[in-house]
Amino acid sequence: MQIRDAFKARYGTEAAVVSRAPGRLEVLGNHVDYNEGCVLSVAVDRYMNLAAAPVEGTVCRVWDDVLKEERTFSLENLLEHTKGDWANYIKGVLVEFAQRDVKVPAFNAVIAGNVPLSAGMSSSAAFEMACGLAFAKLANANIGWLDMAKIGQGAENNYIGAKTGLLDQFSSLMGKADSLVYSDFRSCTAQSIPMPKGLTFVVVNCMVKHVLTNEYNDRRKACEDAVTVISQRHPEVKALRDVSPELLESQRSRLPETAYKCAAHVVGELARVAECLECLKLGDVKRFGQLMFQSHESSRTLFENSCEELDEIVAIAHGIPECLGARLSGGGFGGITVHLVRMEDADAYAARVAEAYLAKTGRKADTFVCAAADGAKLL
Ligand code: GLA
């Protein structure tokens, strides 16, 4: 186990706890989680790992074995932070533990992972969940999965300042090999759905980085604005989940243009996820793929969280018969696209998309084939 070896090499002792949490792909249901809807996602075989052991005192030491950088900080000074620093995720999680009166001892730790950063694969949530599981063990605390997910979300919302939903943490915790995760963000439940036989996901990273925080928070605000206006006349509407396409159309003239377009995207996604669930039961993978293409189109024209590079990749995918469906995945504004293909086509398909993307844009895409993996755990 590499991370155990890295820990021993760094600190000269054995790690007391090792955790691992997967990244995720958002399969269908874009910007739906904080609108209390249902989303299909998948935890994948790309992980953030953490090894730690308690130490005396209050100073924590963390070595990132990929970046080859160290951070030290005191448990007494968790609120002091440098914007954009990776240690913020650790501190943010520790603050959430403290707020729940769970006392985590000081520790030495090593982290390492292969989830692409800032790409839309939730490296941050994977990192938070790897931290959360390990810290709970160090503190001898029993924390249920939903509370663990909320600890990760709390770190994002309160410490990092990204008003994200719970999708990433749910997916990282509740993933299962060969399965999709179907999450309901109103009842806060998640269940596994078998991945259609013989299919897999190819990820194509357009290699343009997204700026999540501002754009993300703006889109979320537009969704909330739509709910505020609609609920004035329809008090039963608590979130966009409660808005049917007909109701939205009937309210269109009362809504600011941006709020309408963002709401239309979310309402469309809600319907696509519901339809996809039926397709999965029937084994209709062709339609599954079409819904993914439709989702991307809706992101491009309504939610406006795509970009030229993402559109280019999805357009290329459209022209390749082996592709069942493709779309941006996650927050948007760059990062990855996810493509549904047959397993036997995956490698050749990935190479073909990358080649066409290079020819069109001069950019080198990063591609890999993902397997649906089990959720976060202690090793
Ligand atoms: C990011 C957020 C999630 C979710 C997606 C968009 O990944 O962290 O909570 O809102 O964007 O669906």
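The values are calculated or read from the model by the stated rules, or taken from the named source; none is laboratory data. For clarity, every value in this text was computed on a predicted model and none was experimentally measured. All Cβ positions, glycine included, derive from the backbone under ideal geometry; neighbour counts span all protein chains shown.
The figures follow:
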| item | result |
| --- | --- |
| From Ala162, Ala155, residue being within 15 Å of the ligand (Cβ to nearest atom), assigned to a helix (DSSP H, G or I), outside the structural domain of Arg219 (by TED's automatic domain parsing) and among the small types (Gly, Ala, Ser) | Ala155 |
| Residue list for segment 278-309, filter: under 28 Å from Lys197 (Cα atoms), hydrophobic (A, V, I, L, M, F, W, C) and crowded, with 17+ Cβ neighbours inside 10 Å | Cys279, Leu280, Val285, Phe288, Leu291, Met292, Phe293 |
| Any pair with Cβ under 6 angstrom, 6 or more apart, that starts in segment 14-32 at a residue that is surrounded by 24 or more Cβ atoms within 10 Å (Cβ to Cβ) and ends at one that is of a type in the set (Ser, Thr, Tyr) and assigned to a loop (DSSP other than H, G, I, E, B) | Gly23/Ser122; Arg24/Ser122; Leu25/Ser329; Glu26/Ser329 |
| Hits in segment 1-53 - residues which are closer than 30 Å to Thr164 by Cα, among the polar types (S, T, N, Q) and out of contact with any His (no Cβ under 9 Å at 6 or more places or on another chain) | Ser19, Asn35, Ser41, Asn49 |
| Residue identified as part of a helix (DSSP H, G or I), more than 16 Å from the ligand (Cβ to nearest atom), of a type in the set (Asp, Glu) and surrounded by 18 or more Cβ atoms within 10 Å (Cβ to Cβ) among Glu312, Glu344, Glu355 | Glu312 |
| Residues (touching a residue at least 24 places away in the same chain (Cβ under 8 Å) and away from the ligand (no atom under 16 Å from the Cβ)) located in segment 168-193 | Lys176, Ala177, Asp178, Ser179, Ile193 |
| Those residues of segment 315-338 which are assigned to a helix (DSSP H, G or I) and surrounded by fewer than 19 Cβ atoms within 10 Å (Cβ to Cβ), in sequence order | Ala315, His318 |
| Per-region count, segment 23-52, residues within 11 Å of the ligand (Cβ to nearest atom), within 19 Å of Gly325 (Cα to Cα) and β-branched (Val, Ile, Thr) | 2 |
| Conditions (1) acidic (Asp, Glu); (2) part of a helix (DSSP H, G or I); (3) under 25 Å from Ser124 (Cβ atoms); number of the one not met by Glu297 | (3) |
| Condition met for Val66 (away from the ligand (no atom under 16 Å from the Cβ), more than 27 Å from Asp178 (Cα to Cα) and hydrophobic (A, V, I, L, M, F, W, C)) | yes |
| Condition check for Val267: touching a residue at least 24 places away in the same chain (Cβ under 8 Å), in a helix (DSSP H, G or I) and touching a helix residue (DSSP H, G or I) at 6+ places or on another chain (Cβ under 9 Å) | yes |
| Filter result for Leu117 (surrounded by fewer than 23 Cβ atoms within 10 Å (Cβ to Cβ), within 14 Å of the ligand (Cβ to nearest atom), of a type in the set (A, V, I, L, M) and without any contact (Cβ under 8 Å) to a residue 24 or more places away in the chain) | yes |
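Quick grid of which residues meet (1) within 22 Å of Asn77 (Cβ to Cβ); (2) buried (at least 21 other Cβ atoms within 10 Å of the Cβ):
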| position | (1), (2) |
| --- | --- |
| Ala126 | no, yes |
| Glu156 | yes, yes |
| Ala162 | no, no |
| Leu167 | no, yes |
| Ser172 | no, yes |
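Yes/no per residue for (1) among the aliphatic types (A, V, I, L, M); (2) touching a helix residue (DSSP H, G or I) at 6+ places or on another chain (Cβ under 6 Å); (3) assigned by TED's automatic domain parsing to the domain that holds Leu324:
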| position | (1), (2), (3) |
| --- | --- |
| Leu166 | yes, yes, no |
| Asp178 | no, no, no |
| Asp184 | no, no, no |
| Cys206 | no, yes, yes |
